[in-house]
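Asker: Take a look at this one; I'll ask things after.
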Amino acid sequence: CRPTDLPVIRKNSNLQVYINSRAGRARHYTLNVQNEPTNELAVRQAMNMALDRPTIVKTLFGDVNIPAFAHFAPSTLYYSDSLEKEYAQKYAYDPTKAAKLLDDAGWTMGTDGIRRKGGKSLKLVLVSASQQQVHELIQAQLKKLGFEVQIQMMAAPAFFAACGKGDDNLCFLGGMTSPDPGLWMNGYFAIGGTY
């Protein structure tokens with residue numbers, strides 16, 4: 001069932017709902033720090049502060065999922081509650097602080113609601129093979145801050161090729177269930193890793 005079906009299911013006295021935490025990787029976006037504008041720290045920080053993760057999660061997943069601020073799900077080996085709390089505090093939803101970061105970095109709001117700097121717009125290319133509704137909510141939240149987010153949905157083979165090519169700013173990676181975080185963390189931190 002989908003999380004949005006749960007209210008109806010819970011009303012049925014013949015059914016019980018059990019929600020289990022799975023070990024593995026949280027849904028997240030890899031940020032391409034080679035391409036403009038995500039090569040700027042202020043842009044990456046502002047993006048994080050401009051996202052209202054609790055609203056996104058509640059809207060699309062009800063009480064099934066929790067907002068993530070780290071790669072590991074809480075039930076994963078080596079999960080760090082202190083790291084999760086540190087990033088949750090550092091990147092808490094704060095659109096005022098996010099706007100100030102962009103202002104201070106020289107990104108000025110245009111009359112069309114998109115920020116610009118040096119003649120370039122604050123445009124992000126987001127590639128994905130799934131979860132379009134999540135991306136559309138993120139697109140809407142970032143637009144309020146002056147980002148233009150172009151969502152490119154594609155089939156899985158094209159998606160992985162696009163992420164590997166690196167022409168994007170954000171590459172969406174779904175959750176991955178695994179009791180051993182090394183199975184997927186090598187893609188981020190090993191020499192020649194995928195991401």
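The values are calculated or read from the model by the stated rules, or taken from the named source; none is laboratory data. Predicted model only: the values in this text are computed from it and were never measured. In this analysis, Cβ positions are derived from the backbone assuming ideal geometry, glycine residues included, and neighbour counts consider all displayed protein chains. SASA here: full protein model, heavy atoms, side chains in, ligands and nucleic acids out. Shrake-Rupley method; radii C 1.70, N 1.55, O 1.52, S 1.80 Å.
Asker: Report the equivalent ellipsoid semi-axes for the chain in whole Å, largest first, defined as the square roots of five times the eigenvalues of the gyration tensor built from alpha carbon atoms.
Answerer: Over the Cα atoms of the chain, the ellipsoid semi-axes are 30, 21, 17 Å.
Asker: Order H135, H71 by their accessible area, 1.4 angstrom probe, all chains in place, largest first.
Answerer: Reading off the accessible areas and sorting them downward yields H71, H135.
Asker: Express in nm, to one decimal, how much length is gained between Q132 and D81 on full extension, taking 0.36 nm for each residue of separation and deducting their alpha carbon distance.
Answerer: 15.4 nm
Asker: So what's the net charge close to F147: Lys and Arg +1, Asp and Glu -1, counting the other residues with Cβ under 10 Å from its Cβ?
Answerer: On the way: positive: R115, K123, K143, K144; negative: E148.
My count for the surroundings of F147 gives +3.
Asker: I'd like the antiparallel share, as a percent to the nearest 5, of DSSP beta bridges with both residues in the chain.
Answerer: Counting DSSP beta bridges with both partners in the chain, the antiparallel share is about 60 percent.
Asker: In the neighborhood of V127, defined by Cβ-to-Cβ distances under 11 Å, what is the net charge if each Lys or Arg adds +1 and each Asp or Glu adds -1?
Answerer: Summing Lys and Arg as +1 and Asp and Glu as -1 gives -1.
Asker: Excluding residues fewer than 8 places away in the same chain, name every one of the aspartates and glutamates whose C-alpha is closer than 14 Å to that of K120.
Answerer: E36, E40, D112, E148
Asker: Follow-up question, since we're still on this one. Could you do me a favour and compute the accessible area per residue for the chain, 1.4 Å probe, result in Å²?
Answerer: In whole numbers, the chain has 59 Å² accessible per residue.
Asker: Taking a threshold of 23 Å on the Cα-Cα distance, which of the pairs K58/K144; K58/K117; K58/K85 fall above it?
Answerer: Details: K58/K144 20 Å; K58/K117 34 Å; K58/K85 19 Å.
Table pairs above 23 Å Cα-Cα are K58/K117.
Asker: Here is a further query. Using a cut-off of 16 Å between alpha-carbon atoms, which aspartates and glutamates can reach K90, once sequence neighbours fewer than 8 places away in the same chain are excluded?
Answerer: List returned: D52, D81.
Asker: State, to one decimal in nm, how far the label point of N14 lies from the label point of I151, with both points 7 Å from Cα in the Cβ direction.
Answerer: Inter-label distance under the simple model: 3.7 nm.
Asker: Follow-up question, since we're still on this one. Which value, in Å² rounded to 10, gives the accessible area of L51 with a 1.4 Å probe and all protein chains present?
Answerer: Accessible area of L51: about 30 Å².
Asker: Mind putting a number on the dipole of the stretch 32-160 about its Cα centre? Charges go on the C-beta only, +1 for Lys and Arg and -1 for Asp and Glu, and I need it in Debye to the nearest 20.
Answerer: 300
Asker: Let me ask something else about it. What is the set of long-range amide H partners of K144 at a cut-off below 5 Å, with H atoms built 1.01 Å from backbone N?
Answerer: It is none; the list stays empty.
Asker: While we're on this one: Find which of F189, F69, Q16 sits farthest along the positive direction of the dipole of the chain, computed with +1 on the beta-carbon of Lys and Arg, -1 on that of Asp and Glu, about the Cα centre.
Answerer: Going by the charge dipole, the pick is Q16.
Asker: For Q152, what residues show an amide H to amide H distance below 5 Å, using hydrogens built from the backbone and excluding near sequence neighbours?
Answerer: L126, V127, S128
Asker: Which whole-number percentage describes the relative contact order of the chain, with Cα contacts under 8 Å and a sequence gap of 6 or more?
Answerer: In percent, rounded to a whole number, it is 30.
Asker: Just the number, please: carbon plus sulfur as a percent of the accessible area of the stretch 19-130, 1.4 Å probe, no ligands or DNA/RNA counted. Intermediate values should be presented prior to the final figure.
Answerer: On the way: 3310 of 6180 Å².
Accessible surface attributable to carbon and sulfur in the stretch 19-130 totals 54 percent.
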